[in-house]
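The block underneath contains the structure these notes are about, expressed in structure tokens.
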Amino acid sequence: QVQLVESGGGLVQAGGSLTLSCAASGRTSSSYAMGWFRQAPGKEREFVAAISRNGASTYDVDSVEGRFTIRRDNGKNTVSLQMNRVKPEDTAVYYCAASTSLASLRVKTNILYWGKGTLVTVSP
């Protein structure tokens, strides 16, 4: 069993930066590929970025390409999402997730664990 706890959300102005963190407890997070999803009001939860078990491979969606960076520190059991040049359309609840593979996270299948989310609000 793995528990995921997100932190770092808040209010930020457009063009600013924010770093989200996900702390994993229980079974070591290095056993899983890790990812970030987001859900805006009235919309479905969507994939944002993912990182492989050893951190060698990452993938993110076009809408955040070049602005968001996912990293992991397996020694500390943490995954982060560095968000730069944020836009109002980035406003959402951001969720951390664990799965068996990066590919599974990309297509939002076989997600084994979810965090409860952290709210990011980007003001114009």
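Backbone geometry of region 88-103 corresponds, through the Karplus equation with coefficients 6.51, -1.76 and 1.60 at θ = phi - 60°, to 3J(HN,Hα) couplings of x, 6, 7, 4, 4, 8, 9, 10, 8, 8, 10, 8, 7, 8, 5, 4 Hz, x marking Gly and Pro.
What residue among Asp62, Asp73, Asp90 shows peak mean-square fluctuation when the chain is described by a Gaussian network model with Cα springs under 10 Å? Its mean-square fluctuation being the largest, the pick is Asp62. Note on the chain: antiparallel DSSP beta bridges, both residues inside, total approximately 90 percent of the bridges counted. On the basis of the beta-carbon distance and an R0 of 25 Å, Gln82 and Lys116 show a calculated FRET efficiency of 0.75. If you sort the three axes of the alpha carbon gyration tensor as a ≥ b ≥ c, you get a/c of 1.5 or more for region 81-124 and a/b above b/c, which makes it prolate. Taking all Cα pairs closer than 8 Å and separated by 6 or more residues, the relative contact order of region 31-124 comes to 31 percent.
Averaged per residue, what accessible area in Å² does the chain show with a 1.4 Å probe, protein chains only?
Values: 6170 Å² over 124 residues.
I get 50 Å² per residue for this part.
With the simple spin-label model, which puts each label point 7 Å out from Cα in the Cβ direction, the Glu65 to Ala103 separation comes to 2.1 nm.
Positive end of the dipole of the chain (Cβ unit charges, origin at the Cα centre): among Gly66, Thr100, Met83, the Cα lying farthest that way belongs to Thr100. Taking GluC sites (Glu not before Pro) in DSSP loop states with no more than 12 other Cβ atoms inside 10 Å as exposed sites, the chain has its longest site-free stretch at 66-124. Karplus-derived 3J(HN,Hα) values for region 10-18, using 6.51 cos²θ - 1.76 cosθ + 1.60 with θ = phi - 60°, are x, 9, 9, 7, 4, x, x, 10, 7 Hz; glycine and proline are entered as x. Amide H to amide H distances under 5 Å link Ser101 with Ala33, where only residues 5 or more positions off or on other chains count and H is placed in the peptide plane. The modelled label-to-label distance between Ala23 and Val5, using points 7 Å beyond Cα along the C-beta direction, is 0.5 nm.
According to the Cα-based calculation, Rg over Rh for region 48-89 is 1.00, with Rh computed by the Kirkwood formula.
In the chain, the DSSP-assigned H stretches of four residues or longer account for a calculated mean residue ellipticity at 222 nm of -1000 deg cm²/dmol, using -39500 (n - 2.57) per stretch and the full residue count as denominator. With all protein chains in place and a 1.4 Å probe, the accessible surface of the chain carries 48 percent carbon and sulfur.
Ligands, DNA and RNA excluded, the heavy atoms of Met34 present near 0 Å² of accessible surface to a 1.4 Å solvent probe.
Note on the chain: dipole from Cβ charges, positive end direction compared against Thr121, Leu18, Val2; the farthest Cα belongs to Val2.
The values are calculated or read from the model by the stated rules, or taken from the named source; none is laboratory data. Just so you know, these numbers come straight off a predicted model, no measurement behind them. We place every Cβ from the backbone using ideal geometry, glycine too, and count neighbours over all the protein chains shown. To get the accessible areas, we keep the full protein, side chains included, count just its heavy atoms, and leave off ligands, DNA and RNA. Shrake-Rupley method; radii C 1.70, N 1.55, O 1.52, S 1.80 Å.
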